[in-house]
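S.K.: My questions will all concern the structure given below.
The numbers here are math on the coordinates, done by the rules we state, and not lab data. Bear in mind the structure is a predicted one, so any value in this text is a computation, not a measurement. Cβ: placed from backbone, ideal geometry, glycine included. Neighbour counts: every protein chain shown.
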Amino acid sequence: MEESKNAASSSGPRQRCPSKDTSLKWSLVNRSAAVHQILRNFRRSYSLVEQNSNFIRPTVTYAPQMYGSGKTTVGNHFRKFVLLNRAYLAQRISEFPGIADSGESVGKRAVEALLNETIYVNIDLRSFPDFGGEDFKSTLIKKISDKAVDSLSSESELLAKVLKNRKDPKEWLNSLFQVTNKRYLFLFIDEIGMLPSRKFYQFPDLDPQRNPHKPNVYRLFFEILSSFLVLPYVICYLAGRSDGIVTKQEDAITSRVNLDFLCLDPFSEDATKLFIQGMKICTGEIVLQLLFPRHPEGPDWFFKQAYNYTGGVPIYVRHVIQALVDTCVHNKLYNLSERRMRRLVETVAPMSDIIATPEDMEPKALSMFCTLLLSSILEYRFAITETMYGGSVNEDESKYVLDIANNFGFYYKYCSDGILSGDKRKGEEIDEGDIVYEIDEANVPMVKLVYPKIVLKAVKENYKQYPLLRYIYYLFSLHALVESSSSLRFRSKVIFASILYVRCSLSRQLGELSLFHQSFVENIVFNTDMCCVRSVPSFSSELTTKYSADEQSYSLNAWKDLYDKYLSEDGIFLPNKDNSCGPDILVRVSVPIDDGSSSSDEGYSSLTEMFVETSSKKRRVYLIGIALKCYHCSTVSLAMIKNEVDKFLVPVSSQLELEKNDIWAIQLVVSTSYNNEVSSHFVDKLNWVIDTRKKDSSSSSTPSHDMNYSNSDQGGLRIGRNCQLVVCSLDNLEKFLGKEIYDQIQKVCSERENFLTKVTPLSRLIGTLFEHGWARGRSAEPEAYLGKSTEKNIGAYRVESTVKSSSSVVPVRQGQFDWMEFLKTYCDLTESEARESSYRLSRLREQDLEGLDSYLLEVLGIKDRRVRIKIVAGVGKYIESKTNA
């Protein structure tokens, strides 16, 4: 590997040992796939050049990835990469423009031409000359010429000779090759995202207003560029983040140029390891030897930590290692343990100047951001050209998913599934250039999103009061899907658990969620702010041992081991494999009880007591195993329910000593379809509950409404003490999910295009959840929107209630004016209009209503004139109703 002279930069001052400069140098990590792709596109561009140049449609490689992906490195060091891949390219290149297909190996001669007969010119548009009277095309030719002859003797004389022909691109290029004694030009133009700026609009041939036949600056740019690319022989590579990645491809096609997106993925875990191993500080000392003197090769867990935290994005890998070196050298911290190093790694903040995620996101933007985050961790795959309706932040029009993701600061990588090209046999050494990338039916490459945890950690601090973002952040820290299948079943568990987490966050007691009606936990407070979300090993009936460290799986007779190691605190737990040998989701919630208490009514009736932990308090644990039968599952029968009981309640009851340890186990079955044998037990649309409370009334608190219990041996379902079976009715499931989400789930069995596979339906689901999560307001504390009764509990009101309270003109959240209800009741706004407007008005108080007019509403950010008129009219109605009350 060749060593780069660049030094790592970081945000803010670094602590350094005064006697040692710890600035990093690093080595280039081979990008053979990117080099091969650029050269392949060059060959395609000139495949017809001998026949008729008028038919040439130049194929240009374009890298629009986010900051720090390595796109500039590829361009600036392209010749070095050719040298690194000399043998590989000589073997793979079978034809090359300008080289006759005869005699000595074409590939070998092509590599020699790239190394010895090619002019390498790099142009950064950030430092491009200002308008000086000439148009952009002439200025670009002058800039290329200047760089091409820069290192030659008699530079000024040669430059004048070349520029004499700049009015004719063909003559100019021939002159350039003649004075430099070269045959090829490698042209790298960086930061093309600078084009739509005032600086470039000053050039007459780049100003759309002076060129009405071209609607934007990119079409004009590609038209100019194509005049060079049809000439023999120009290898062109473009880079630079822009606001519309896919749109620029459409602009290029109108100017004969085809854009091919560069496959420049973030580093894999192995490449990250290689990158770190090649790092040194300015004194020449190897970084790993500095950090781990006793283990100079570096422990494998360290590379995994760096990869997980940075997502393999090169700039963040460098930044994290630089921060670690500075801290460890300054404080003489060496040979840290895995746990201490993880803590140190995750204290490194990102470089704020390159974070592209918008600040102060409004509801719609934050909802879309969460959709893309969830798509990322669930490894959704989509074509580069896939669009979303209403995907933009401010308009309801179709946008490309990749363009939307780019605006939020996402990276992306191409999907390969490990598929190899036909000329590579299984077992042979694999080079990244041999990978065949996955494409859709229209022959468009498939990609998936990447968002570094280091950035999410910084972003989520501004939005940590929003339950869904908290949930997603928990998932990022798990990295569960790296070793789990991304099947529909696993995705369904993650999505359902996200709904559960948000619903619990908006409820005071679990009984407010119809999912838990009539269960042991009906009166329990589940404080999601204090609980965790994490993955746990799954259960496998095939294991002969209790636990397999390699597979991260347990056998069904190892519940105690799993409980002791992973379920020691409250939270929502997702088994890390797609399996049918245990619950799909586990929930643990506990409450304090007095020593010697035998009644479950004691110990959790007080909210205050729930949060008071003392050494004299014991805790009663409720362990809920959820069998999720909502997604691509046949009708649930009594036999299927019995099977779920046998996989959870039976082994848990026998292994965890429930009564002795004051553990209460609940088997919850959730489905959108039951057969008649099961449906007959849903009396008055209530959940079907089986336990032993008829025999022992002290085993659970007494619900405040009608019960729907069956005998404990009903239908062969024998439920032991401290155990309960709850089968959720269809009506209660619809109330829990909300009708919109429930309808989507019902369509899953008949439609492949659903929120388990496509980004657009997932965004609708996330948007629905945000309607509830946003109700609390950005600065409101939980107590400000969670009341003690159903009527005042705005969380439960948003989730399940369809009847407005008649006890007040507008529901009030413990003294706070409810803008959402006011806007819908008095202003006749739709749900989405009310949600957007309530965010703008949330800083105002009820007494400020009289001063509201259209001008003030516009100042507050409500731009829609129709909405402003409705609000002003609604204010009048509200004041009149208060006066008449």
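S.K.: Have a look at the stretch 127-276 and give its Rg and Dmax from the Cα atoms, expressed in angstrom.
M.R.: 17.4, 52
S.K.: Just rank His36, His295, fewest to most, by other beta-carbon atoms within 10 angstrom.
M.R.: So the residues, fewest neighbours to most, are His295, His36.
S.K.: On to the next question. Mind giving me the FRET efficiency for Asp135 and Ser94? R0 is 51 Å, r the Cβ-Cβ distance, nearest 0.05 is fine.
M.R.: Calculated transfer efficiency: 0.80.
S.K.: I need the GluC sites (Glu not before Pro) found in the stretch 76-131, filtered to DSSP loop residues with at most 13 other beta carbons within 10 Å of theirs.
M.R.: Counting only loop positions with at most 13 other Cβ atoms within 10 Å, the GluC sites (Glu not before Pro) in the stretch 76-131 are Glu95, Glu104.
S.K.: Could you tell me which chymotrypsin sites (Phe, Trp or Tyr not before Pro) in the stretch 224-317 are loop residues by DSSP with no more than 11 other beta carbons within 10 angstrom of their beta carbon?
M.R.: Qualifying residues, ordered by number: none.
S.K.: Assuming 0.36 nm per residue, please report the length gained on full extension of the stretch Lys863 to Arg845 beyond their Cα-Cα distance.
M.R.: Additional length available on full extension: 4.4 nm.
S.K.: Moving on. Hey, which of these cross-link pairs are over 25 Å Cα-Cα: Lys248/Lys863; Lys25/Lys332; Lys464/Lys882; Lys161/Lys214; Lys460/Lys739; Lys280/Lys332?
M.R.: Beyond 25 Å: Lys248/Lys863; Lys464/Lys882; Lys161/Lys214; Lys460/Lys739.
S.K.: Explain nothing, just the number: relative contact order of the stretch 163-253, from Cα pairs under 8 Å at least 6 residues apart, as a whole percent.
M.R.: The normalised contact order for the stretch 163-253 reaches 35 percent.
S.K.: Based on other C-beta atoms within 10 Å, arrange Lys863, Lys71 from fewest to most.
M.R.: Fewest-to-most Cβ neighbours within 10 Å comes out as Lys863, Lys71.
S.K.: Using a 7 Å offset from the Cα along the Cα-to-Cβ direction at both Asn884 and Asp353, what is the distance between the two label points in nm, to one decimal?
M.R.: 6.2 nm
S.K.: Let me ask another. How do His319, His681 rank when sorted from fewest to most other Cβ atoms within 10 Å of their own Cβ?
M.R.: His681, His319
S.K.: Still on this structure: Write out the trypsin sites (Lys or Arg not before Pro) in the stretch 191-296 meeting two conditions: DSSP loop, and at most 15 other Cβ atoms within 10 Å of their Cβ.
M.R.: Sites meeting the loop and neighbour criteria: Arg294.
S.K.: For Lys618 and Lys739, what is the calculated FRET efficiency with R₀ set at 35 Å and r taken between the beta-carbons, to the nearest 0.05?
M.R.: 0.25
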